[in-house]
Structures are given as C-alpha cells and as structure tokens.
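Quick note: the coordinates plus some simple rules give every number you see, no bench work behind them. Every value quoted in this text rests on a predicted model; they were computed, and no experiment measured them. Here the Cβ positions follow ideal geometry from the backbone for every residue, glycine too, while neighbour counts run over all protein chains shown.
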Amino acid sequence: MKKNLLLTAFFMASLLGFAQLKKQDTVMLKKVMELKVKGEGGANGAAVTWDPVAKRYYSAIAGNADFPMSVFNASGMLISDSNLKTQVDVRGLWFNTKSKLLQANGYSETGWVTYSVNAKGIPETVTTLFEGMIQPNEHAVGTYDPKSNSVYFLDTSEDFVVENYNAADGKIINTIFIHPGTTKAEDVDLDWDVEGMFDYNATSVVFTGIPKSEIGLLNVVANQVELFNFEGLLTKVLKLPQDALAYEMFNFSYCNGIYWLFNKDTRTWLGYK
C-alpha cells in the first residue's frame, strides 16, 4: 500500500511538472529517415553517429565483436559491405569532432577504442584509447559532446544520474542528477521515489547540443523523448508516434539533429525529427 502511494505521488508530481511546460515545449516528432542494417548477428542497436565533415552515418550493433558495423551516406544508403564487423563489443559510438576520429566505448572492461577508416570512410582497424571500465556500468552507452569534448553516460544503478567524462583523458568531470517531471529548481524533491527512473531506457542517454535542453532520455512508458538541462530539470517533451518502438535498453540514439530508435524486427534505425 505504501509503495502504491509513493508511486501515485511520483506520477502526480510528474504531471504537475509537465503542466508547467509551455505549449511550444511539447513537440510531436515525425519519422524523417531510415538506416537499414545489413549483416547477421545481434538484436540491439548500440548507437548511430554522424561524421559532419564527410557526411556519413555510422551504426554499430551491441553484443559481440562479430556483430555488424554499418556505414551510410547522407541520404541513408548503405555504402559498407554487409560483412563489416564492430571488432569490439560496442556500447556507445561517436565521432570525435576534435580529433576527427570515430570512437566507441565497449562492454564492461573493454574500454574506449578508436577506429581508423579508409578513404571511403570504412572502418578497418581498431586501437585501444583507454583501458578498463571508463564508464559507470558495464552496459552504459556513451554519447559525445563536441562543445566540451566530453562523453556522457546514464547510470541507474543506484541514483538517476548522468556522468560526464573528459574525452581527452577518460577522467570523470561531473555528475548530473536527473529530476523527472520537474521543471523548476525550487520543486526538486531529493526524496523522490527512485522507482520512477525505471520508466526510462536504462542504458542510453543522448546529447543534443540544444541550449538548456542538452540531455535527452527515452521514456519508454510515455513513449517520448524528454530533454533536460545541465541541472537535470525537464525543459522539453518530444512525443513519438504511436507506432514507434521504445525499448528498455539500447536502441536509442541521436545525431545530426535526428532522434533514432532501432527496430529489432526489421533491423532498421528509424529517425525522428
């Protein structure tokens, strides 16, 4: 009974928080693009990233070093061979705009790696950038912030936080506590019911670069992307179409101004904007 009362209180607080959002801060997303993954192996999309110079998308499937890595042109056409592999058990994948290199973090103690690509942009070899678990937990999916040259990870192991790591040395910079449904600092409840964090995709956070809405999380219960500022306060709600598939782990990414959800049945990244 006590648990139900706590959950009810949390949902009421969330509704009040959403009610405080301005009308223009609730947006309906529409599908704008698809990236069809070829090759066998794996069920979960790790991430999609964008090379803004060469105008190419890169996708990795999580779970094994032999699972597919895919390269697409700006219009979404696959330009890599279907037997291209990730070479490591990838979790997060990003294009480092400072070093101009394709990088990733792997499962647990795999560490961070860098891919070398050929003239056509196809990854060929992989080298270790940082050894060990440079991330909050074994499945955390890294997302890159080009402005600060850092990588963000979601951690729901105890608290609902986003951790920020320096991309230059792998050291943690700071921790952002997320406050679901809360739009004002004075309304932050430090004793909120932590069960509410399980409404969200547990592995993936995205960095949007949108001022005051930099951090994006996928609410799988409400079927929407929620944007937070660096104080962990809710600033925007992006509603997904009813037929959009939101999974509890992986299969959520952002790049090139597009929010991506991976359809595990069709093995396709669906882009929404």
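Tabulated data
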item: FRET efficiency for K38 and K184, using Cβ-Cβ distance with R0 set to 30 Å, rounded to 0.05; result: 0.05
item: Computed E for D159/T125 - FRET, C-beta separation, R0 45 angstrom, nearest 0.05; result: 0.75
item: 5 Å-binned pair-distance histogram of the range 111-256 (Cα, whole percent); result: 2, 9, 18, 21, 20, 14, 9, 5, 2, 1, 0
item: Amide hydrogen neighbours beyond the local backbone of S80, cut-off 5 Å, H modeled; result: V71
item: Under 14 Å, Cβ to Cβ, from K184 - net charge with Lys/Arg +1 and Asp/Glu -1; result: -3
item: Extension gain from D25 to D81, taking 0.36 nm per residue of separation minus the Cα-Cα distance; result: 16.0 nm
item: Choice from A119, A62, A244 showing the highest fluctuation, given a GNM over the chain with Cα pairs closer than 10 Å; result: A119
item: Cross-link table K212/K236; K22/K212; K38/K273, entries beyond 20 Å C-alpha to C-alpha; result: K38/K273
item: Estimated translational D of the chain in µm²/s (Stokes, Kirkwood radius over Cα pairs; 25 °C; 0.890 mPa s); result: 131
